[in-house]
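For reference, the structure discussed in these notes is given below.
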Amino acid sequence: MTKKRKALSFIGRNWALLFLILMLMLFSILGKNFFGLRNFSNILLAVTTLLLLASGETFVIISGGIDLSIGFVMGFVCVTSAIIMRDLHAAGFPQAVSIMAGSSIGILLGLIPGFINGVLITKLRVPPFIATLGMWGIANGLAWRLCEGFPIAFLPPKARDIGMAYIAYYSPKKGFSLFDRPVLTERADILNLMKIIPLPVLLIAILLVIFAFILSKRKFGQHTYAIGGKVDAAIRAGVNVPWHLIKVYVISSFFAACAGVLLVFKLNMGIHTQYTSSYELFAIAAVVIGGASLMGGKGSIWGTVIGVLLIGTLNNGLMMMGLPIFYRYIAIGCILIVAVLIDQLFPELVYKE
Amino acid sequence: MMDNKNLRKILIGIAGRWTLIFLALEIIFFSIFGINYFSLKNLQNILLASTTVLLLATGETFVIVTGGIDLSVGFMVGFSGVICAKVMVTLQAAGASQAVAISSGILAALLLGLLPGLVNGLLVAKLRVPPFIATFGMLGIAYGFAEIICNNVPIMGLPTSVGSIGHGYLIYWLPGKIFAFLQKPENLTRLELQNLVSIIPNVTVITAIVIGIFAFILARTKFGQHTYAIGGSMDAAERAGINVKRHLIKVYMISSFFASLAGVTYVLRFITGRAPAGSARLLDAVVAVVIGGASLYGGTGTILGTVIGALIIGVLEIGLVNLGIPTYNLYIAVGCILIFAVLVDQFFPELVRKE
Amino acid sequence: MEPLLEVKNITKRFGGLTAVDNMDMEVFPGEVVGLLGDNGAGKSTLIKVISGVYHADAGTIFFEGKEVRIDNPMDALRIGIETLYQDLALAENLNVYANIFLGREKLKRFLGLINVLDHDYMLNESKKVLDRLEIEVPSLKNQIRTLSGGQRQAVAISRSIYWNAKFLIMDEPTAALGVAEQKNVLDLLKTLSSQGVPVIIISHQLHDVFSVATRLVIMRRGKKVAERITKDTTTDEIVGLIVGSLSGDYGDGNDDAKETAQVGKETSSVDEVQEGK
């Protein structure tokens with residue numbers, strides 16, 4: 001294969017990453033304060049929700065389906081765990097207990113929509129678009145009903161501490177400390193405090209690594225790709241396709257549930273925006289930008305992560321440049337279409353290899 | 001076995017028309033338990049409130065029948081609404097008469113609104129971008145442009161006649177005294193105003209006429225037949241000599257035409273142009289089409305079914321408000337109806353086949 | 001006698017793969033020509049070029065002695081070349097007469113203004129042609145998806161007959177049929193050819209081809225390797241030519257086992273590419 005072909009093929013396969021790097025450089029030059037630990041931490045923190053949602057969605061899309069319900073499942077879990085935390089806290093339980101109970105019960109409840117989705121899709125043969133759309137509505141309604149439109153407040157204060165925590169802190173005065181936020185009194189010292197890697201980001205990273213491993217190296221992952229590639233082949237190879245798909249949708253709503261719980265920690269309240277949720281569309285966009293095909297059989301967690309970072313960097317960069325936020329819609333719309341076009345053009349080049 | 005056969009016939013009869021029956025039951029239910037639900041005023045309100053969904057769903061039907069989907073229509077409403085309003089306001093400020101300003105605004109919105117459809121069609125037909133992605137990208141682009149045009153602020157200050165068109169009715173009838181077309185009678189006493197019967201909102205007339213025309217096109221013309229054929233088998237259509245690419249482009253342009261019309265009616269009704277207008281209605285539109293009997297895989301569906309589907313949602317929404325039930329239940333209900341619709345559509349053909 | 005259809009130097013490439021390589025072929029009126037070859041030999045591609053689905057990269061097509069351009073399926077249909085594909089190309093969601101008239105729907109004037117579908121006409125005409133071919137279908141208003149494989153094949157054939165095909169191409173016509181239905185299709189074929197309509201038939205069922213075809217053209221890896229008159233050859237010889245153990249008439253001398261293995265490897269790639277296109 002000629003050198004030119006090789007180069008084009010490399011660009012074609014890794015275009016998202018290259019584009020991300022390009023954007024980072026561009027914004028660093030054009031924007032103020034873009035390139036810095038603080039801003040990068042901000043970007044990471046801002047994309048945590050999308051990272052979780054998109055990772056779950058990755059499994060679903062690779063299997064050839066789609067999950068539209070994640071935005072509102074997240075809201076549902078957010079509200080539910082907040083309510084539990086609030087009520088247990090008010091009832092006098094220790095904060096640790098309320099927080100753990102709220103989180104775990106929230107996540108457990110969040111698995112139910114995924115299970116229902118899976119059953120509808122596999123046993124009742126409802127198309128994934130419809131099933132998850134129906135669940136989208138139901139989750140929305142339930143969440144709304146639980147919170148009556150108002151944010152859930154009065155949560156155990158420790159929750160916020162966890163949400164705002166970083167792994168390491170560095171202060172010129174007090175030096176380096178792990179997990180413990182140094183207590184500083186002087187304004188100058190507080191401003192100079194370097195915060196390294198938000199705790200939620202670390203937790204999410206661990207979660208992603210585990211699931212990326214499952215997807216790429218374990219039988220479960222292989223079967224997911226197989227089902228997405230050619231269902232018949234998977235069936236004849238002995239894969240229990242219905243059961244597998246149910247698990248896949250449960251994974252998706254598991255991630256949505258985690259995102260919901262995370263929101264509680266980040267915002268220190270349970271909130272549910274009932275009118276629209278564009279989260280699921282951005283999650284799908286991130287997955288597709290990251291290299292997945294909506295037909296299934298392609299994609300990866302790593303690709304999704306890049307897709308999410310791309311969207312997050314774009315958001316942040318546009319903001320830092322002072323551009324109104326709706327430009328991001330135009331930008332993401334274009335990037336999405338380009339993503340698909342590239343994936344269409346480049347298989348031919350790769351094929352010739 | 002006579003009983004079984006008859007029972008089956010009845011079941012099939014019901015299953016085939018379940019949406020219509022469901023709609024009737026809904027209306028009956030709310031009429032009994034609601035306040036003034038079954039009144040001319042309220043029923044017309046339902047039609048008015050369902051305008052956007054009716055229009056979006058009709059356009060969407062064409063796309064879904066071909067096996068695709070158009071996600072951009074929600075934000076297209078805002079896009080065309082904003083263009084419409086902006087042109088109206090600008091021309092008015094430049095001294096043009098109301099008639100010129102208003103018709104220019106509407107024309108501009110409808111014409112420019114065809115562009116996104118053209119782009120969608122090109123992306124899907126020529127560049128083979130999956131419809132989901134192409135129209136998703138377009139929705140973002142449309143929204144972005146809409147916000148740019150209106151500068152993030154709803155456009156106000158439209159010509160006053162807009163309100164009289166948008167809130168106007170076709171017929172005004174004062175029992176025994178006045179029978180007027182289009183013009184609301186002036187100088188009425190308070191008692192007379194109370195007794196005034198307004199029949200058929202202008203907006204609904206426009207909606208009904210346009211939907212009617214396109215329902216005819218889909219059901220009875222070669223264009224409609226080819227739309228179904230493409231949805232059934234793109235290969236078969238192509239090999240039968242149908243120019244599938246060109247046809248798909250037209251279909252996506254129809255969809256965005258309806259979205260722009262929805263934007264125009266929005267402006268007429270609310271006398272403002274807002275970028276996020278209609279964005280929440282996209283999913284209602286898709287739900288309406290599916291409830292109406294279309295399959296997302298393409299090849300089936302009718303405008304009549306879609307209209308019934310849209311009305312089912314509209315009747316439900318107004319009904320819940322009328323009963324004072326919080327609207328979040330609407331989402332739950334619609335979600336369930338949607339899934340039920342798909343299940344019926346799946347098991348119904350098997351019922352027929354067994355006969 | 002002049003050939004009704006003649007293709008010269010037809011070449012069709014997909015990316016780096018040459019599916020049809022400098023192919024020549026003639027078909028005379030009244031002939032049934034069997035186009036034979038293993039998977040990936042290029043038979044389907046060649047007929048898709050003739051029927052307008054693919055555009056040839058090189059070569060010319062002559063019909064009734066004149067050079068013609070076939071850039072799309074409509075061109076082929078207009079000339080009178082009807083093609084029955086392996087997958088039948090029927091729209092499952094449409095009914096029988098809608099499929100017979102697909103793309104060529106009969107219209108009538110509505111209120112003197114607009115053209116609408118003339119369902120009655122299409123229904124009656126379809127009934128006529130199905131009766132003429134003695135084909136039984138429960139109801140012409142039923143969707144195609146409710147019909148059996150044989151009935152669908154019959155509908156597809158009726159479509160071609162109705163439109164007065166001057167030339168018929170059939171790709172694996174008996175593949176999905178039961179024995180009785182196969183016989184019906186083959187009888188239909190014989191009737192057609194006796195009326196002067198030439199047919200190119202592609203089939204893996206050699207005994208079917210032998211029973212209807214007067215002449216056989218064998219392809220391998222995109223090229224024509226041999227032509228035989230049916231009654232002057234045997235199935236064994238044909239199999240040998242298809243597979244490569246016998247050398248063809250046109251000078252590819254290296255027909256040994258290694259080449260046969262190559263066919264197997266390239267086979268899947270051509271099929272995959274064709275699926276994608």
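Throughout, read-outs are computed from the coordinates displayed, never taken from laboratory work. Note that this is a predicted model, so its numbers are computed, not measured. Glycine gets a Cβ as well: all are built from the backbone with ideal geometry, and neighbour counts include every protein chain shown.
Restricting attention to the range C:1-102, which trypsin sites (Lys or Arg not before Pro) occupy a DSSP loop and are surrounded by at most 13 other Cβ atoms within 10 Å?
C:69
Using a Gaussian network model on chain B with a 10 Å cutoff between Cα atoms, which of B:90, B:51, B:207 fluctuates the most?
Checking each option, the largest mean-square fluctuation is seen for B:90.
Over the range A:206-353, consider all pairs of different Cα atoms and compute the Kirkwood hydrodynamic radius from their mean reciprocal separation; express it in Å, one decimal.
17.5 Å
Taking θ = phi - 60°, what integer Hz values does the Karplus form 6.51 cos²θ - 1.76 cosθ + 1.60 yield along the range B:174-179, in sequence order, with x for Gly and Pro?
Result, ordered by residue: 10, x, x, 10, 10, 9 Hz.
Between residue B:180 and residue B:97, what is the spin-label point distance in nm, taking each point 7 Å from the Cα along the Cα→C-beta axis?
With each label point 7 Å from Cα toward Cβ, the separation is 2.1 nm.
Based on C-alpha coordinates, I'd like the Rg and Dmax of the range B:171-294, in Å.
Gyration radius and largest Cα-Cα distance of the range B:171-294: 20.8, 68 Å.
Using the beta-carbon distance between residue A:179 and residue A:33 and R0 = 41 Å, what value does 1/(1 + (r/R0)^6) give for FRET efficiency, to the nearest 0.05?
0.95
For the range A:10-352, report the % of Cα-Cα distances exceeding 34 Å.
28 percent
Using alpha carbon coordinates only, what is the Rg to Rh ratio of the range C:174-237, with Rh defined as the Kirkwood radius?
Value, to two decimals: 0.98.
Given 0.36 nm per residue, what is the gain on full extension from residue A:154 to residue A:213 after removing their alpha carbon distance, in nm?
Working it through step by step, the gained length comes to 17.4 nm.
Assuming R0 = 56 Å, can you tell me the calculated FRET efficiency for the pair residue C:175 and residue B:329, based on Cβ-Cβ distance, to the nearest 0.05?
Here the calculated transfer efficiency is 0.55.
Rank the residues B:192, C:125, B:186 as a footprinting-exposure proxy: fewest other Cβ atoms within 10 Å of their Cβ go first.
Lowest to highest Cβ neighbour count: B:186, B:192, C:125.
With unit charges on the beta carbon (Lys/Arg positive, Asp/Glu negative), name the residue among C:165, C:5, C:222 whose Cα is farthest towards the positive pole of the charge dipole of chain C.
C:165
Divide by every residue of chain A the summed helix terms, -39500 (n - 2.57) for each DSSP H run of at least 4, and state the resulting mean residue ellipticity at 222 nm, rounded to the nearest 500 deg cm²/dmol.
-24000 deg cm²/dmol
How much of the pair distance distribution for chain C lies past 36 Å, counting alpha-carbon pairs only, in percent?
Looking at chain C, the distances longer than 36 Å represent 17 percent of pairs.
Based on Cα coordinates alone, diagonalise the gyration tensor for the range C:66-123, multiply each eigenvalue by 5, take square roots, and list the semi-axes in whole Å, largest first.
Semi-axes, largest first: 26, 18, 8 Å.
Over all alpha-carbon pairs of the range C:85-155, lay out the pair-distance distribution in 5 Å bins, whole %, shortest bin first.
3, 17, 27, 23, 16, 7, 4, 2, 0
Do any trypsin sites (Lys or Arg not before Pro) in the range A:167-226 lie in a DSSP loop with no more than 14 other beta carbon atoms within 10 Å, and if so, which?
Listed in order of number, the matching sites are A:173, A:174, A:218.
Under a cut-off of 21 Å between alpha-carbon atoms, report the lysines in cross-link reach of residue C:231, not counting same-chain residues fewer than 8 places apart.
Qualifying lysines at Cα under 21 Å: C:183, C:190.
Just checking the output field for A:211-224: average partner chain Cβ neighbours within 10 Å of each residue's Cβ?
Partner-chain Cβ atoms within 10 Å, mean over residues of A:211-224: 0.
Among C:68, C:179, C:212, which one shows the highest mean-square fluctuation when chain C is modelled as a Gaussian network with alpha-carbon springs under 10 Å?
In the Gaussian network model the winner is C:179.
Report the semi-axes of the equivalent ellipsoid for the range B:18-353 in whole Å, largest first, where each axis is √(5λ) for an eigenvalue λ of the Cα gyration tensor.
Largest first, the range B:18-353 gives 33, 27, 17 Å.
Which value in nm describes the separation of the simple spin-label points at residue B:31 and residue B:209, placed 7 Å from the Cα toward the beta carbon?
Output for this residue pair reads 2.9 nm.
Relative to the compact globular guide of 2.2 N^0.38 Å, what is the alpha carbon radius of gyration of the protein assembly as shown, as a ratio?
Cα-based Rg divided by the globular estimate yields 1.08.
Which residue fluctuates the most in chain B, going by a Gaussian network model with Cα springs under 10 Å, if the choices are B:220, B:190, B:17?
Answer for the Gaussian network model of chain B: B:190.
Please report B:87, B:321, B:124 as a ranked list, fewest other C-beta atoms within 10 angstrom at the top and most at the bottom.
Taking fewest neighbouring Cβ atoms as first place, the list is B:321, B:87, B:124.
Calculated FRET efficiency, residue B:151 and residue A:42, Cβ-Cβ r, R0 22 Å, to nearest 0.05?
Here the calculated transfer efficiency is 0.20.
I'd like the distance separating the alpha-carbon centroids of the range A:225-285 and the range C:192-215, in whole Å.
Taking the Cα centre of the range C:192-215 as reference, the centre of the range A:225-285 is 55 Å away.
Please compute the modelled spin-label separation between residue C:204 and residue B:4, points set 7 Å along Cα→Cβ, answer in nm with one decimal.
Reported label-point gap for residue B:4 and residue C:204 is 4.2 nm.
Evaluated at 10 °C with a viscosity of 1.306 mPa s, what Stokes-Einstein diffusion coefficient in µm²/s does the range A:30-117 have when Rh comes from the Kirkwood expression over alpha-carbon pairs?
Estimated via Stokes-Einstein, D reaches 103 µm²/s.
Starting from the Cα gyration tensor of the range B:9-149, multiply each eigenvalue by 5, take the square root, and state the resulting semi-axes largest first in whole Å.
Each semi-axis is the square root of five times an eigenvalue, giving 35, 26, 11 Å.
Name the chymotrypsin sites (Phe, Trp or Tyr not before Pro) in the range A:76-171 that are in a loop by DSSP and that have at most 15 other C-beta atoms within 10 Å, would you?
Counting only loop positions with at most 15 other Cβ atoms within 10 Å, the chymotrypsin sites (Phe, Trp or Tyr not before Pro) in the range A:76-171 are A:154.
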